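Before any comments, here is the structure.
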């Protein structure tokens, strides 16, 4: 199985699927092609959330603002999974979620057919090659060489204070649910929190408040989430990706 | 085959596909992940339209405004098909379109991993289990028990009058085509209808009027539809989902 | 393998997948279902770009503003590929990219179930039939008859002048990258071009200019493209599909 994750929209990913289908019979599965445009950190967050649900697979990831520059191409082995993509940090958080020990390989890339579509010209064929040789046989691919130099994306650590927790908005999903970097267990046994001077209920899920009302909950990723029942949490709380979040105890 | 229908957008459905791929080799097919957000009736309408085209399959449906509350989880058997989803009525209209006799089972759900993402934690694994045991062997799944208590969604009946038909807008599709609950045969042998005091032509398809002109037709679902050739019918007729529609004969 | 290309959005393509799955075990691959609405030329451009990446396959293409009129239905054989769709020109440019010699067949269509959804009622079943009989055995399908009368879409030729090149915008992609009909080799050895009186750098890819800066490059389709690094080229250059483009040498 080869999964595909890009910020390409349509129809570029189809070209990648064609390239893969010419090289392998592996099933391809779309993770998303609407990751936040060129947002490496948000994509890394989502992949850390989604990829561990999959059985062993090759994960082709192309969110690549540096396409056509001299940034490297990587293959990261994480147990029985492999991640293939640009060396901009996006692969490391999901790889570390998939396995304690990882191995990173640099791909020796010949002059690709284009400078602007390495999804088609580099990452799709490498993903197919990795699938065909097998994730436990990466040494047999002459284009790969082990490396210890690679980029990574860091998620900021929240700061726990006596009065509450200072964190940051990591992503806003398509519902408007706003996901922070604050681990959900800080809400254990709490009935309410204060954000920006206003008190909000802490509830197990959205429908525990009236339609249209705001709430704070622990999302399925385990982090503190700001939401509105059948509405948009980002608008109600005024949050965007990257914003500071100050949770205070009532 | 397991089909997936949600209002999740991206990338949540990928987590469901991963969960399924860990449990079964069944093909997964996306019906849609952009069903109208938390709109149980509109989703039921579309599924009643689309699912009968499929060969026998397990249909996993997660449009679930009550996630995390005590609403039940259901499996509905309809001949060789099974539908899996929340007990909010969404499963029943397509099930009744697929088979005259249906059987409804309640799922005994252990404490799921999250309160907010039962697509991943409940409905995907149950769909895989149903696929593996076989739709004709549901009795063998210990988590399932027959029930006669379940929600259903009703589509309003149109009212036929001497002067015309009073109906309702059920859904607006992405083209802006506006689908009503009025059965298409009321337009048999008619050349025009009056809506809101204006006369519109009744035609077999969009291109039978000039580009930009409004029209009334019978859509591929068999219902009366309000459209514009290469334009948006919802805007031309001023219709939104749930609006009353008064068709009058000229 | 059967690929699907439409402008249907959701959930209509799922009905086509159901129809296909009832007739064949072939894998289906989505090329796109968000091709520019009823834009035959733009779809033909994208298919000419994407379909050559695929191994031999049946390509079902439904961008069909004339649905329900007397426009014909076609199957076009291009070496080991077949393209199935309406006779409005959309199939020919990708077919000619796939093979030097093509054969065109008209489909004898019985009264379809609907006048508005031939994707489900005509093109999906024909695509499945073509896949089952085999692209090299089209003569065995009684519904098909060779024809030399069919529509085609022409892409305008750019006009090369001493002072530069006059071309046209063919498509704008979801990034806002604006693709013209001007072949990329006119930029060989050039460092800059003038568009609408302003000078822009010619670079190999987006990240060779500062974030937010405009640029001119050769896209992965081989044509001259107008873009902004991490921004929208269509807005920066004021270009829409169909606009005239006057490239001038500095």
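Across the copies of the chain, residue C:132 has label points (7 Å from Cα along Cα→Cβ) spaced 3.3, 3.3 nm apart, shortest distance listed first. P(r) for segment C:120-167, please, calculated from all Cα pair distances in 5 Å bins and given in %. Spelled out per bin, shortest first, that is 4, 15, 15, 14, 13, 7, 6, 7, 9, 7, 4, 0. In chain C, the DSSP-assigned H stretches of four residues or longer account for a calculated mean residue ellipticity at 222 nm of -5000 deg cm²/dmol, using -39500 (n - 2.57) per stretch and the full residue count as denominator.
The mean count of C-beta atoms from other chains within 10 Å of the C-beta of residues in B:167-174, rounded to a whole number, is 2. Computed on segment B:21-65, the Cα convex hull volume stands at 87 Å³ per residue. Averaged over the residues of B:2-14, the number of partner chain Cβ atoms lying within 10 Å of the residue Cβ comes to 5. Take residue A:99, push a point 7 Å out from Cα through the beta-carbon direction, and compare it with the same point in every other copy: 4.4, 4.4 nm, smallest first. Relative to the compact-globule estimate of 2.2 N^0.38 Å, the Cα radius of gyration of segment B:199-239 comes out at 1.01. The equivalent ellipsoid of chain B has semi-axes of 38, 18, 16 Å, largest first, where each one is the square root of 5 times an eigenvalue of the Cα gyration tensor.
The spread of Cα positions in the protein assembly as shown, taken along each principal axis and listed from longest to shortest, comes to 77, 75, 49 Å. Taking the three principal axes of the alpha carbon atoms in segment A:159-248, the coordinate ranges are 33, 27, 25 Å, sorted in descending order. Spacing of the modelled spin labels on residue A:109 and residue B:99, each 7 Å from Cα toward Cβ, amounts to 5.2 nm. Peptides B:73-82, A:103-112, B:122-131 ordered by packing proxy, namely the average of other Cβ atoms within 10 Å per residue, highest first: B:122-131, B:73-82, A:103-112.
Could you tell me how many degrees, from 0 to 90 and to the nearest 10, lie between the Cα long axis of helix B:12-23 and the main elongation axis, the longest principal axis, of the Cα atoms of chain B? Around 40 degrees separate the two axes. Calculate the all-directions average of the projected area of segment B:77-142's alpha-carbon convex hull, and give it in nm². Convex hull of Cα atoms, orientation-averaged projection: 4.5 nm².
Averaged over residues, the count of other Cβ atoms within 10 Å places the peptides C:32-41, B:89-98 in the sequence B:89-98, C:32-41, highest first.
Computed from Cα positions, the angle between helix A:124-133 and the longest principal axis of chain A comes to roughly 70 degrees. With a Förster radius of 30 Å applied to the C-beta separation of residue B:161 and residue B:240, the computed FRET efficiency comes to 0.85. Shown for residue A:240: label points 7 Å from Cα along the beta-carbon vector, and their distances to the equivalent points in the other copies, 2.7, 2.7 nm in ascending order. Between the helical axis of C:40-50 and the longest alpha-carbon principal axis of chain C there is an angle of about 90 degrees. Counting every alpha-carbon pair across segment C:1-128, the share separated by more than 21 Å comes to 31%. Per-residue mean of foreign Cβ neighbours for B:196-205 is 2 (Cβ atoms of other chains, 10 Å radius). Restricting the calculation to Cα atoms, every distinct pair contributes to the Kirkwood radius of segment A:64-183, found to be 16.2 Å.
None of the figures in this text is laboratory data; all of them are computed from the coordinates on show. Everything numeric here is computed off the predicted structure, so don't read it as measured data. Cβ coordinates were reconstructed from backbone atoms using ideal geometry, including for glycine residues, and neighbour counts include every protein chain displayed.
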